[in-house]
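Worksheet for the structure shown next.
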Amino acid sequence: MNQEQKKWMYLSVLAIVWGSSFILIKKGLIGLTPLQLGSLRTVISSIFIFIIGFKSLKTILSHQWKWVVLSGFLGTFLPSFLFAFAETEVDSGVVSILNALVPLNAILIGLAVFKIASTKTQIFGVLLGFIGASMLIFNSMELNPNQNYLFAGFVVLATLMYGFNVNIIKHYLQEVKPIAIATGNFAAIVIPALLVLIFSNFFNSKTFENEAIYSSIGYIAVLSLFGTVMAKIIFNNLIQISSPVFASSVTYLMPLVALLWGLLDGELFGLDQGFASLLILCGIYLANKKA
């Protein structure tokens, strides 16, 4: 399999895995608070990643650690809480759509901070995808007028962090193995996550009196293994063999998967959303077209 085929395979796998993560967060919030969900997700993910990648930590050079730590907080730790808080008020499908802001932020941050060049066609593709995502947002708002969209700001903030993260990995961690980056990320954030979990009263006996918590923990365990650990390794690899814009364009495909889960969960999907989804796919193509 050549590099071109491999990057599209990685993109497809990530779209399915991450597109399914929003419904898992929604189910996890039935028995967990946002602080418990975000911290538990990080702790469980850390256990999984240390089992398979602990030895890779020695390959990270001393001057690279500051970027690995920063990547861990921007790309994993803080967004895990932001998405959990957002889904207390906004539907999982809408959250996944807002997440499509990542490529736009990635290209703008790449231009402004990291001086990474992009063609006019790529910029147009990102904007076209953003228009499609915006259409999906407004259609969803009409279907869900009672939701508090101020909480959508948490998602927007998370997408800014993701935009910085993909550029940090591409610019400063290009020579570090993807498994080492992922393991280093969790080595940096597992202690803070454990402290949050302790102070969130997760270990209080009253917490486990709620029967819903057991199924919620199961959903978060699945999310941790596949949506965080496995996906993070693949994503880091994808960034290195492609570009920050291509890697972050997975967020254009994720809403399609998330909306499918929404349909299965009783949510509505109309022709307008279908047209907006088509615009998103066109945006992906143009954003990744070479000069």
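Coordinate-derived values only; no laboratory data. No experiment lies behind these values; they were computed from the predicted model shown. We place every Cβ from the backbone using ideal geometry, glycine too, and count neighbours over all the protein chains shown.
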field: GNM flexibility winner over the chain from 251, 59, 42 (Cα, springs under 10 Å)
entry: 59
task: Between residue 3 and residue 50, with labels modelled 7 Å along Cα→Cβ, what's the label distance in nm to one decimal, could you check?
output: 3.6
message: Ignoring everything except DSSP H segments at least 4 long, calculate the 222 nm mean residue ellipticity for the chain; use -39,500 (n - 2.57) per segment, divide by total residues, nearest 500.
response: -23000 deg cm²/dmol
- request: Note down the nm distance, to one decimal, between modelled labels 7 Å out along Cα→Cβ at residue 143 and at residue 69.
  value: 4.4
- request: Evaluate E = 1/(1 + (r/R0)^6) for residue 207 and residue 150, where r is the Cβ-Cβ distance and R0 equals 45 Å; express this FRET efficiency to the nearest 0.05.
  value: 0.95
- line: The size of the Cβ-based charge dipole (Lys, Arg +1; Asp, Glu -1) of the chain about the Cα centre, to the nearest 20 debye, is 1220
query: So what's the projected area for the chain, the Cα convex hull averaged over all directions, in nm²?
result: 15.2
